[in-house]
């Protein structure tokens, strides 16, 4: 410390050191009582805001998880497929209703393809002249950014280098943006070269290959014209039964639509997914139906039964999870905002980290109000019509029997009440967004409390500087007093010695 007096009272024999220490500690206690208390309150408040945001985020996530991907639509799908033969799979949608039907699968979706065999001979060198190969798949419609329908070509061109082999040409052609797949198989006779369209379905594409040979065609290098394919001249028949002409060097396979029969009615899709054809469900076919022979000896495709029913147990379990999350949030809000108690007018500081915080209380009241007052605009139902109960302490509980009855009697309206775009869970999630988002209300409050923490920390550091100056001042003061009293003691000793000698 800034003082030359290190042991006050040595000269006079008085215990000035204890006086200095007591005086400094008394002033330190006065400083720290105010500074430390306010610093601790700011730190607790910041911690409380962090906890509050975390609890609100947890509940918001629970709400969003139940509203997205049709989570509460717990339809139970039962089929007669055997456990080791997965012919098709079914996913229910939000507008699915209980139903049953019979189904069998007779055709999987296939892409249009062509295959040519390059036989080993003196004429085949597996080395081609330079040039270009263009694969044209026709055109397709798409929706642009403005929502308008546009048409674009599905065509690409690759450059062939002088001396490229079938292997290299395959690699170049496979580097495309249209999922066109080019295969090459080395056979005993030579090479089987195949091109498969990137889209399945009967009318999804119309492969055409044109070439341009710019290099030298000689005994070493073959013309790229060997890859030319024109469906107008090399394919015959109508859609649904198109095949190679007898004179074609290419073997042609038509694209196929996936075909299923539901209750005897034919349904097709250009992919293996039936998403729009069957209301309320999405069905994906994986393989053809098994074959079976009936009692008359006739062999045909096996028919499978499908039953879609309400899975009330699964729905109740998911609803119980959100109820538990809601009750847990209320408990956390109560704990955070619990008020301090007082003894003889003195604050015990024994409340929550956000004791009596009006914002916490406001959030709690808002959520409870939304729960109590919410009703579906279409059905007029409230959550209490669906088996939920509001307890005296503000928490929720589920009456299992009433909830299952509501699900069985009006499944879609119950699901909509909670999980639709206008449902209760979405509204609560949207309300909390202002608090949970980055840079939102709670982040601003946390920053304010951090500023307070920084301010009180700086004041604590300043107090140490003030105490050092105060102690130095005391040491100078009592050092001077010590010197004065020491001189008095010397004078008194001298006078006493004179008096005693006379």
- [ ] Collect the residues in segment 243-287 that are buried (at least 16 other Cβ atoms within 10 Å of the Cβ) and touching a helix residue (DSSP H, G or I) at 6+ places or on another chain (Cβ under 8 Å), keeping them in residue-number order.
- [x] 244, 248, 250, 252
Open item on the list: Can you find a residue that is under 18 Å from residue 57 (Cβ atoms) and surrounded by fewer than 16 Cβ atoms within 10 Å (Cβ to Cβ) anywhere in segment 297-316?
Closed with: no
TODO: Please state which of the following conditions residue 267 fails to meet, knowing it meets all the rest: (1) in the same structural domain as residue 233 (by TED's automatic domain parsing); (2) part of a strand (DSSP E or B).
DONE: (1)
Task: Tally, over segment 66-117, of residues that are part of a loop (DSSP other than H, G, I, E, B) and over 30 Å from residue 316 (Cα atoms) - done: 5
Open item on the list: Quick check on segment 118-137: of everything there that is assigned to a strand (DSSP E or B) and surrounded by 16 or more Cβ atoms within 10 Å (Cβ to Cβ), which residue is nearest to the chain's Cα centre (by Cα)?
Closed with: 137
Open item on the list: Quick check on my filter: what residues within segment 178-197 are in a loop (DSSP other than H, G, I, E, B) and either touching a strand residue (DSSP E or B) at 6+ places or on another chain (Cβ under 7 Å) or not assigned by TED's automatic domain parsing to the domain that holds residue 131 (or both)?
Closed with: 178, 179, 180, 189
Open item on the list: Is it the case, given these coordinates, that residue 200 is touching a strand residue (DSSP E or B) at 6+ places or on another chain (Cβ under 6 Å), modelled with pLDDT under 95 and not assigned by TED's automatic domain parsing to the domain that holds residue 220?
Closed with: no
Task: So residue 288, is it part of a loop (DSSP other than H, G, I, E, B) and touching a strand residue (DSSP E or B) at 6+ places or on another chain (Cβ under 9 Å) - done: yes
TODO: Go through segment 138-154 and give me each residue that's under 19 Å from residue 205 (Cα atoms) and under 36 Å from the mean Cα position of the chain (by Cα).
DONE: 139, 140, 141, 142, 143, 149, 150, 151, 152, 153, 154
Task: The listed residue being at pLDDT 95 or above and surrounded by fewer than 16 Cβ atoms within 10 Å (Cβ to Cβ), out of 97, 83, 89 - done: 89
Open item on the list: On the basis of being without any contact (Cβ under 8 Å) to a residue 12 or more places away in the chain, more than 30 Å from residue 406 (Cα to Cα) and loosely packed, with under 13 Cβ neighbours inside 10 Å, does residue 146 make the cut?
Closed with: yes
Open item on the list: Quick check on segment 310-327. Is at least one of its residues over 23 Å from residue 394 (Cβ atoms) and part of a loop (DSSP other than H, G, I, E, B)?
Closed with: yes
- [ ] Among the residues of segment 292-306, write down those that are under 45 Å from the mean Cα position of the chain (by Cα) and either more than 26 Å from residue 78 (Cβ to Cβ) or part of a loop (DSSP other than H, G, I, E, B) (or both).
- [x] 302, 303
Task: Breaking point among (1) part of a helix (DSSP H, G or I); (2) over 15 Å from residue 432 (Cα atoms), for residue 60 - done: (2)
Open item on the list: With the structure loaded, tell me whether residue 213 is closer than 18 Å to residue 174 by Cα, buried (at least 19 other Cβ atoms within 10 Å of the Cβ) and in the same structural domain as residue 174 (by TED's automatic domain parsing) or whether it fails that test.
Closed with: no
Open item on the list: Restricting to segment 376-393, give me the number of residues that are more than 15 Å from residue 409 (Cβ to Cβ) and at pLDDT below 85.
Closed with: 2
TODO: Enumerate the helices (runs of 4 or more DSSP H) found wholly within segment 383-502, keeping only those where 1 or more residues are crowded, with 18+ Cβ neighbours inside 10 Å and in contact with a strand residue (DSSP E or B) (Cβ under 8 Å, 6 or more places away or on another chain).
DONE: 400-409, 411-419
Open item on the list: Would you confirm, using the coordinates I've provided, whether residue 171 is surrounded by fewer than 16 Cβ atoms within 10 Å (Cβ to Cβ), at pLDDT 90 or above and part of a strand (DSSP E or B)?
Closed with: no
- [ ] Name the one entry in 192, 282, 197, 233 that is over 24 Å from residue 174 (Cα atoms) and in contact (Cβ under 8 Å) with a residue 60 or more places away in the chain.
- [x] 282
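The values are calculated or read from the model by the stated rules, or taken from the named source; none is laboratory data. This one's a predicted model, so the numbers in the text were calculated from it and none came from an experiment. Here Cβ is always computed from backbone atoms with ideal geometry, including for glycine, and neighbour counts include all displayed protein chains.
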